[in-house]
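One structure is given here, and the rest of the page talks about it.
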Amino acid sequence: MQNDTSNTIDSGNDNASLESEVRDAVAQGDNVQESVHRLTLTALSSEIHDLASLRRVITAVMRGARDGVQQRLQQTSSQSHTAKIQLTDAIAGLDAALAQLAEASKLAVEEATSRARKFSNEELARARADLESLEALFLETLQSSASTAKGLVADTLHDLVTHAKLNGTAVGSQLQDTLTTFTQQMTSTGQARLESGVKLTHATSDLLRKVAAGVLGGLAERVKPDEKHQSS
C-alpha cells in the first residue's frame, strides 16, 4: 500500500515537472515542436503505457503548452500570431511523440519476432487495447483543454481539434500499422514466447529512451520486416 502511494506521488511530481518544462519551452518560443516532442518522449519512456499514465502525460503536456502561450500573450499581446504558431507546434510535438510510442511498440514486437520470440498473447492484448484508445484519448484531452481555455488559446485549440478530426493525426496514422502487427502476432503460432523477464512495455520504453537521447534516429531502420504493408 505504501509503495502504491509512493508511486502515485512520484508520478504526480514527474507530471508537474513535465508540465513546467513544457510551459517554459513554449513561453521561450525556441524550437517548440522539437522541445515538446523530446520532453514528451522522455516522459513516455519512464511511464507504464496504460491509459491512466498516458492520460497524465498528455494532460501535463497540454496544460504546459496552454499556460506557456498564455504567459507569452500576457507579456505582449502583439505576438498573437507567433503564440498561435507556437501552440500549434507544441501540439504537433505531442502528436509526433505519441506516434513514436505506437511505432516503438510495433518495433518491439517485430524485433522479438525476428529473434523467433513472442510476447504472450495476454500482454499483447492488453497493450493493443490501450493503443486502440490512444488517438481518442489525445483528441479528448485536446478538446477538454480547448473547452477550459479562453481567447486566442481556446480558438487555436478548437481549430486543432477540428483539423485533427477532418485530416487525422500522426498517432492515428501510425496506429493503423501498429495494430495490424499486433493482430498478426496474436494469431501467429509455432513461436516460442519471450523470456518472462522481458516485458513489452519495458522493450518499448527502452526504444523511446534511445530516440529521446538521439541514439536511435529512425525507428523503422532498426528492424526491417520482410514485408511492409502499406494502406492504399
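Laboratory data are not the source of any read-out in this text; all were calculated from the coordinates shown. Owing to the predicted nature of the structure, the values given are computational and were not obtained by experimental measurement. Don't worry about glycine lacking a Cβ; one is built from the backbone with ideal geometry, like all the others, and counts go over all protein chains shown.
Worth pointing out:
- Order of Glu135, Glu122, Glu47 under a 10 Å beta carbon neighbour criterion, fewest first: Glu122, Glu47, Glu135
- Burial ordering of Asp130, Asp206, Asp95, fewest other beta-carbon atoms within 10 Å first: Asp206, Asp130, Asp95
- Ranked Ser80, Ser114, criterion: other C-beta atoms within 10 Å, fewest first: Ser114, Ser80
- Label-point separation in nm, Glu122 to Asp155, each point 7 Å along Cα→Cβ: 5.4
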